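Step one of this worksheet: look at the structure below.
The values are calculated or read from the model by the stated rules, or taken from the named source; none is laboratory data. Remember, predicted model here, so these are calculated numbers, not experimental data. Neighbour counts are summed over all protein chains in view; Cβ atoms, including those assigned to glycine, are modelled from backbone coordinates with ideal geometry.
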Amino acid sequence: MNQQKKLLIIDDDPDFVEGIKSILDAANYSVDVAYNPKDGLNALQTMNYDMLLLDIMMGRGAEGIMIARKMRKDAKLRELPVLIITGIREQMAFLFPGEPVHPRFVEVDELVEKPVEPQFLLDKVSALLQAAEARKGKAG
Amino acid sequence: MASKPTFSDEIANLLHASHGNPIKICMQCGTCAGTCPSAPFMDHTPRRLIAMINANMKEEVLASNTYWYCASCYHCTVRCPCEIDIAGLMYALKRYSMWKGQFKEGLIGPVFSETFVKTIFRSGRSYEPILATTYLFTFGLQDFITEAQTATTMMLKGRLPLLPPRIKRLKNFRRMIGRVIPVGGLE
């Protein structure tokens, strides 16, 4: 890795964040955290990140989806790879009687469900970062 | 960016879009507790619950029935001299405890909420006879009979539908919900 990649996690669950942050820190990523959607969106707009890891159920409800949609409307943020990590099935189990979370409900790059295996998480992150670099290379 | 949030920070994060003031400024005047019509049935009054949140007593707060007994009358919110949205806080605690799956056993509130959401999902309308099953069996025989009599009278007068009502264009409605929540099995 020639340059340390900057990631942002937007998730309101401090324990989960602590877990994935330590995994990503150990893999030599620079990780920032925002614990609510407002701070998260502020951070996205003021700083430059290489990737976003986003939770769904925050604040008043499914606010992660609102962030993903706002990002798609923003010319600068549209290119940023987004990995949704959600525990929505556990949080609202009665809405998912044995069915998967619908994968294409919002236009993001990838959706995985909590709990996440460390190696699986690292694979997804590096794959998305590489895909974003390839896209950039093509555009450039 | 930020250090690990405490329990009171977590609750503040849930209320990030609230129009009320942060609960940290509560001055413990007790106006909410004195105003609340459900306070006699609660483990802790709203005033005490706010103090417990500010003291980061997570386990005790989640184990209390206070926020499930909130009737959402908003009287506390209106009268709070610090302009804290206390009813909004009660809703936030309901969400928090349901998302974490940690709430006092034997409460009607969580099952009632679940049944309500499911009914809306299925038909677009709430249907009282189904909702009533979530709490009716916790009543004593006398109250049960009174409730059944009221329901029968309402049904005879056409105030309570016999069959669950459905809205028109249910498919569109379900698709709309699917855009807000990634429900399983949606197209």
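Quick notes on this structure:
- In the stretch A:42-65, the residues that are on the phi > 0 side of the Ramachandran plot reach residues that are in a loop (DSSP other than H, G, I, E, B) with C-beta atoms within less than 7 angstrom, at least six apart or across chains, in these pairs: A:59/A:36; A:59/B:16; A:59/B:17.
- Considering residues of the stretch A:1-54 that are part of a loop (DSSP other than H, G, I, E, B) and touching a strand residue (DSSP E or B) at 6+ places or on another chain (Cβ under 6 Å) only, the residue nearest to residue B:5 (Cα to Cα): A:12
- For the stretch B:160-170, filtering for residues that are modelled with pLDDT of 90 or more and over 25 Å from the mean Cα position of the chain (by Cα) leaves 3.
- Of the criteria (1) closer than 26 Å to residue B:165 by Cβ; (2) surrounded by 15 or more Cβ atoms within 10 Å (Cβ to Cβ); (3) without any contact (Cβ under 8 Å) to a residue 24 or more places away in the chain, which one residue B:109 fails: (3)
- Residue within the stretch B:167-182 that is more than 14 Å from chain A (Cβ to nearest Cβ) and either exposed (fewer than 10 other Cβ atoms within 10 Å of the Cβ) or more than 25 Å from residue A:61 (Cβ to Cβ) (or both) present: yes
- Selection of first residues in the stretch B:15-34 that are within 14 Å of chain A (Cβ to nearest Cβ) and of second residues that are assigned to a loop (DSSP other than H, G, I, E, B) and surrounded by 19 or more Cβ atoms within 10 Å (Cβ to Cβ), restricted to Cβ pairs under 6 Å at least 6 apart or on distinct chains, gives the following pairs, ordered by first then second residue: B:16/A:36; B:16/A:59; B:17/A:59; B:18/B:85; B:20/B:84; B:20/B:85.
- Here residue A:69 fulfils each of the conditions (1) of a type in the set (Lys, Arg); (2) free of Cβ contacts under 8 Å to residues at least 12 places away in the same chain; (3) within 11 Å of chain B (Cβ to nearest Cβ) apart from (2).
- Criterion (assigned by TED's automatic domain parsing to the domain that holds residue B:164 and β-branched (Val, Ile, Thr)) met by exactly one of B:119, B:77, B:66: B:119
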